[in-house]
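Below is one structure, written out as structure tokens; the observations come after it.
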Amino acid sequence: MKLATRINSFLPKFNNDVEEVLQEFGRLGLTHVDFNYPEHVENSKAGKMKELLQKNNLQANGVALRFRSEFINGELGNSDQTISDNAVQLCKEACDYCREVGGEVVTIWLGFDGFDYSFQIDYEKVWNQIKACMIEITDYAPDLKISIEYKPFQPRAYAFLDSFGVALSMVHEVGRENLGITLDYCHMLMKHENPAYGASILGSRQKLFGVHLNDGYGLNDDGLMIGTSSLIKTIEFIYYTKLHNYDHAFYFDTFPIIEDPVEECERNINMIKKIDAIIDRLGMEYIADIIKQNSAVKVSDLVLEILA
């Protein structure tokens, strides 16, 4: 199992030094790293970063785009074509860095492509513009997996790519093999989606390119430790990633504010390993048989067996 966690959760405790954070990741037994681009790597060329990873027995999973400053009114879908072009160029640079550091997934979260008011944007124009940009990016890096991370809202009142269905529609229209989706567990709860549903559909189509694990209550991007709020849903989600042989990193996208980040990460590691062991104990075939019966009472029995 490939495990990674959020660098920004550790930075305040480790002198805001990525190198120190990577050392701690290695000590914790994490296996992979996702870098925010460009914020985590502005002062580190890919060759140097790759050496740091190797030194700490880590590998790069990939990079995640972080758009700031000029992009707060939209990234790929910005009404200013120059800004949209700059966003595409930033994605291409992220692809180059990902390749050089040994990663394979470039995650694109368009946090500012959206709207706050009715009549604020031309929906069809923005759709077609984002689609054209995605085609350009995927064609630029056919050797990498380009992954859309969607979120229903925050920081905009309405995100443009806001749900499993909308993101999957974009993937289909772009029509490139190397374009897929990253499922963020909390984002799915915010949209009142069942995370396992998305993992099942995407996994069966080899379009599940990323998993961000956390937990919450559905009204906000809570970023709680995994399995602490919706444990049964989390187990079902992990079951479908196993069923469809998901082989990228499980990224702990959790936000320790009061909690110590090291202690919190240790609990995330313990929890995902425990969930994996529970599924193995029950058996993939046994769980599949429960699902085939389409029976709520059998599901109740299964929950009791999980708790045994």
- prompt: Setting aside same-chain residues fewer than 8 positions from residue 131, which aspartates and glutamates have a Cα under 20 Å from its Cα?
  reply: 75, 80, 85, 93, 113, 122, 139, 143, 149, 162, 173, 177
- request: Please report 45, 242, 292 as a ranked list, fewest other C-beta atoms within 10 angstrom at the top and most at the bottom.
  value: 292, 45, 242
- prompt: For residue 213, what is the net charge nearby, where nearby means another residue's Cβ is under 9 Å from its Cβ and Lys, Arg count +1, Asp, Glu -1?
  reply: -3
query: By how many nm would the segment from residue 79 to residue 135 grow when fully extended, if each residue of separation counts as 0.36 nm and the alpha-carbon distance is taken off?
result: 18.3 nm
statement: With label points set 7 Å from each Cα along the Cα-to-Cβ direction at residue 281 and residue 123, the distance between them in nm comes to 4.8
message: On a full-extension model of 0.36 nm per residue, what is the gain between residue 205 and residue 247, subtracting their alpha-carbon distance, rounded to one decimal in nm?
response: 13.7 nm
message: Please report the spacing between the Cα centers of region 118-145 and region 202-223 in Å, no decimals.
response: 22
field: Most mobile listed residue (62, 74, 283) in the chain, GNM with C-alpha springs under 10 Å
entry: 283
- line: Distance in Å, no decimals, from the C-alpha centre of region 252-308 to the one of region 157-191 is 25
query: Can you give the relative contact order of region 79-215 as a percent, counting alpha carbon pairs under 8 Å and 6+ residues apart?
result: 24
message: Students often get this wrong, so try it: which of (i) 1.00; (ii) 0.92; (iii) 1.22 is Cα Rg over 2.2 N^0.38 Å as calculated from the structure shown?
response: (i)
Sorted by Cβ density within 10 Å, fewest first, the residues 211, 297, 41, 63: 297, 41, 211, 63
query: Under the Karplus relation 6.51 cos²θ - 1.76 cosθ + 1.60, θ = phi - 60°, what is the ordered set of whole-Hz ³J(HN,Hα) values for region 78-89, x standing for Gly and Pro?
result: 4, 5, 8, 4, 5, 5, 4, 4, 5, 5, 4, 4
- prompt: Is any residue of region 206-243 close enough, with backbone N under 20 Å, to a label point placed 7 angstrom from the Cα of residue 308 along the Cα-Cβ axis, and if so, which?
  reply: 232-233, 235-236, 239
- request: For n ≥ 4 DSSP H runs only, could you compute -39500 (n - 2.57) per run for the chain, divide by its residues and tell me the 222 nm figure to the nearest 500?
  value: -15000 deg cm²/dmol
- line: Set 191/233; 45/92; 92/207; 233/274; 50/273; 207/242, cut-off 18 Å on Cα-Cα distance; pairs above it are 92/207; 50/273
- prompt: Separation between the residue 68 and residue 220 pseudo-spin-labels, each 7 Å from Cα along Cα→Cβ, expressed in nm?
  reply: 2.4
statement: If amide H atoms are modeled at 1.01 Å from N in the peptide plane, then the residues at a separation of 5 or more from residue 61, or on another chain, having amide H under 5 Å from its own are 33, 34
Using θ = phi - 60° and Karplus 6.51 cos²θ - 1.76 cosθ + 1.60, couplings along region 27-40 (whole Hz; Gly, Pro as x): 5, 6, x, 5, 10, 9, 9, 10, 9, 6, 10, x, 4, 7
query: Among residues other than residue 135 whose Cβ falls under 12 Å from its Cβ, what is the net charge (Lys/Arg +1, Asp/Glu -1)?
result: -1
- prompt: Mind listing the phi-derived Karplus ³J(HN,Hα) values for region 56-69, rounded to whole Hz, using 6.51, -1.76 and 1.60 with θ = phi - 60°, and x for any glycine or proline?
  reply: 10, 6, 10, 10, 7, 7, x, 10, 10, 5, 10, 8, 10, 6
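Values quoted throughout were computed directly from the atomic coordinates according to the rules given, and no laboratory measurement underlies them. Predicted model only: the values in this text are computed from it and were never measured. Using ideal geometry, Cβ is built from the backbone for each residue, glycine included, and neighbour counts are taken over all protein chains shown.
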